[in-house]
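For reference, the structure is listed below as structure tokens.
The values are calculated or read from the model by the stated rules, or taken from the named source; none is laboratory data. Since this is a predicted model, take the numbers as computed values, not measurements. Note: ideal-geometry Cβ built from the backbone for every residue, glycine included; neighbour counts use all protein chains shown. What goes into the accessible areas is simple: the full protein's heavy atoms, side chains included, and nothing from ligands, DNA or RNA. Shrake-Rupley method; radii C 1.70, N 1.55, O 1.52, S 1.80 Å.
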Amino acid sequence: AKVLKGATGVTVTTWGANWAGVTTWGQTTTEALPAATAEWQICFKCHSGANSNVTTWGGSGAAAWTDLALEFNPNNQAYHPVIQALPSTGNRRLAAGALTGGWTPGMVMTCSDCHSTDSAASAGPHGSTVKWMLNPNTTGTKYYNWPYTSAANNGKNTGTFVNGTGTSTVPGSNFCFSCHTWSGGGGAHTGCSSHAISCVGCHIRVPHGGKMVRLLTSPNAPARYKPNGDGTGTTYMHSATRPASGTIGMGTCTVTGGCNASEHQNTQSSYW
């Protein structure tokens, strides 16, 4: 359909280390931008550090924009595969059983796989009745709310969080389940009854990408990535006690209950 035809975009010469974003853009601000070959290159013109106004255009607190180049950096410990596919080695790539809606391991996404208008009359990506334009391009059921139970609370700092169950019972519907399965989270989702806590108590609120594996959060995560999006809300992953190397163990989590170490083990080393 040549949907990119005629659009320009930014390119990246060098990505930084984990949670370091872009160290070298492919052009300066005085150069004419090249024709875009990927959708993210167009989106990054405004929604990344390529735009010097990115932190001021999008408001503040739970409504603030974030730097997409920082989040989707393929050197991050966790990222959705917008720039490139997740690595086939290690544990960053999800198993097939963790995916639904037509997604399979090794696929590369576009920005509009998750964000788009909810109007059939629109010819572009902007404009939606749903905050953050959440509208997953999936063959399965579409869900529009995150991290609260109602899409009307998207982008706010109050509401009822979608909670995990700690059992095989699937939590209330939310945006993540458009593409992911509950059981795909393993024992951390289904094998510990004390994990009946908010999803954003363990995972970052802005789930594009993060510094810890599996999009995990912690008390040291930046304010915008904490449960309420403004630095408030309870997080259960304790990066203050994370080792510089080794595994994520039970001492990393402040939730108590009948858990076992295998439910927390992860050979990737990462901490906020």
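Phi angles of region 11-26 translate, via the Karplus equation with coefficients 6.51, -1.76, 1.60 and θ = phi - 60°, into HN-Hα couplings of 10, 10, 8, 9, 8, x, 6, 3, 6, 10, x, 9, 9, 9, 7, x Hz per residue; Gly and Pro are given as x. In units of the compact-protein estimate 2.2 N^0.38 Å, the chain shows a Cα radius of gyration of 1.00.
The H on the amide N of TYR148, modeled in the peptide plane, is under 5 Å from the matching H of VAL162, each at least 5 residues off or on a different chain. Normalised by 2.2 N^0.38 Å, where N is the number of residues, the alpha-carbon radius of gyration of region 38-87 equals 1.19.
Around the amide H of VAL12, modelled in the peptide plane, lie the amide H atoms of GLY26, all under 5 Å away and 5 or more residues distant in sequence or on another chain. For the chain, excluding the exposed loop sites themselves (trypsin sites (Lys or Arg not before Pro), DSSP loop, at most 13 other Cβ atoms within 10 Å), the longest remaining stretch covers 6-272.
Highest GNM mean-square fluctuation among ALA69, ALA38, ALA120, for the chain modelled with Cα contacts below 10 Å: ALA120. Accessible area of the chain with a 1.4 Å probe: how many percent of it is carbon plus sulfur? Looking at the chain in its full context, I get 55 percent from C and S.
Over the Cα atoms of region 1-67, the radius of gyration divided by the Kirkwood radius equals 1.00; this is the Rg/Rh ratio. Rolling a 1.4 Å probe over the protein heavy atoms gives the chain an accessible area of 46 Å² per residue. Sorting the Cα pairs of region 1-123 by distance into bins of 5 Å, from 0 upward, gives 2, 10, 17, 21, 20, 16, 10, 4, 1, 0 percent per bin.
Dividing the helix sum by the residues of the chain, where each DSSP H run of 4 or more adds -39500 (n - 2.57), gives a mean residue ellipticity at 222 nm of -1500 deg cm²/dmol.
In this structure, the amide hydrogen of LYS142, modeled 1.01 Å from its nitrogen in the peptide plane, lies closer than 5 angstrom to no residue at least 5 positions away or on a different chain.
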